[in-house]
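Before any comments, here is the structure.
The values are calculated or read from the model by the stated rules, or taken from the named source; none is laboratory data. Note that the structure is predicted; figures quoted are calculated from it, not measured. Neighbour counts run over all protein chains shown; Cβ positions are idealised from the backbone, glycine included.
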Amino acid sequence: MLGSFVADLAFRTNRIPVWGETLMGNEFKLGPGGKGSNQAVAAARAGGRVSFISKLGPDPFGDMARALYKSEGIDTQFLFTTQSATGAPPSSSTLTRARTPSSSCPALVLK
């Protein structure tokens, strides 16, 4: 499987913001994500033999991905290390409600 790994930053708020409103999160979680990465993990958990092809940075997010693939039994011989940082959303102290390109469901994203 060819794809990307992205460290997901998830924030919880007491309610969904209205359009254009900024809410401060009251809980934060960091975890593995990325469409290709998520599909590789799902296929491995379903019993498939999976190889994942991607690039990861030499940083804590890349380490998170490598540990995940090892624990899930995913073949990582085609994971390459780049000098660039592993994917992650930019950091900010505010959240804004937005629509994701892949769905019409509202999502909280960093602004």
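Laid out as a table, the results:
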| quantity | calculated |
| --- | --- |
| Meets criteria (at pLDDT 90 or above and over 17 Å from T76 (Cβ atoms)) for A46 | yes |
| Tally of residues being out of contact with any Leu (no Cβ under 9 Å at 6 or more places or on another chain), assigned to a helix (DSSP H, G or I) and of a type in the set (S, T, N, Q) across the range 9-67 | 2 |
| The one condition in (1) at pLDDT 70 or above; (2) farther than 17 Å from N38 by Cα; (3) surrounded by 15 or more Cβ atoms within 10 Å (Cβ to Cβ) that A85 fails to fulfil | (3) |
